[in-house]
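Step one of this worksheet: look at the structure below.
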Amino acid sequence: MEIPDQLQCLFTTEVDEQDDSYVFQIPSQEQGNLVAGETYRLAVLPTPSPQETDSTASGAPGADSEAHADRGHPEPPVEVGDRRDVEIESLGDQGDGIARVERGFVVIVSDTDKGERVTVEVTDVQETVAFADVVERISYYD
């Protein structure tokens, strides 16, 4: 399956039935730039059966990344030590810059301002977010 670069979030959740509709909650850490009242495209994929999950945990080559993807999160598109040019889209609750890379993957960058363009080096990668330090500030005219 091809995942477009415009993907803003990817997560697993339970679906509830409410009146004549199905409802699901988007976790706050996945809401990113969502705006109430706007229209978004959604994709619904079934949860893998226990047999599928067990077969990926067998130690076969690629089993770790397949099992990771089956839990609703593809492998992070960055690794510790990667350098990226990013634009700070917004500021988080703690004042750190928030940038997005491939598939909308969030990178938290300290000591930055909204709209700033910077070269960062990834210092920590977790399942749904990475942390990076500024290596260079990029001129607005470049």
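Would you be able to tell me the number of residues in the stretch 94-142 that are assigned to a strand (DSSP E or B) and of a type in the set (Asp, Glu)? Number satisfying all stated conditions: 4.
Selection over the stretch 102-122 of residues that are closer than 16 Å to Pro77 by Cβ and either surrounded by fewer than 17 Cβ atoms within 10 Å (Cβ to Cβ) or under 8 Å from the mean Cα position of the chain (by Cα) (or both) gives a count of 6.
Computed from the coordinates by the stated procedures, all read-outs in this text should not be read as laboratory data. Small disclaimer: the values here were computed from a predicted structure and weren't measured. Don't worry about glycine lacking a Cβ; one is built from the backbone with ideal geometry, like all the others, and counts go over all protein chains shown.
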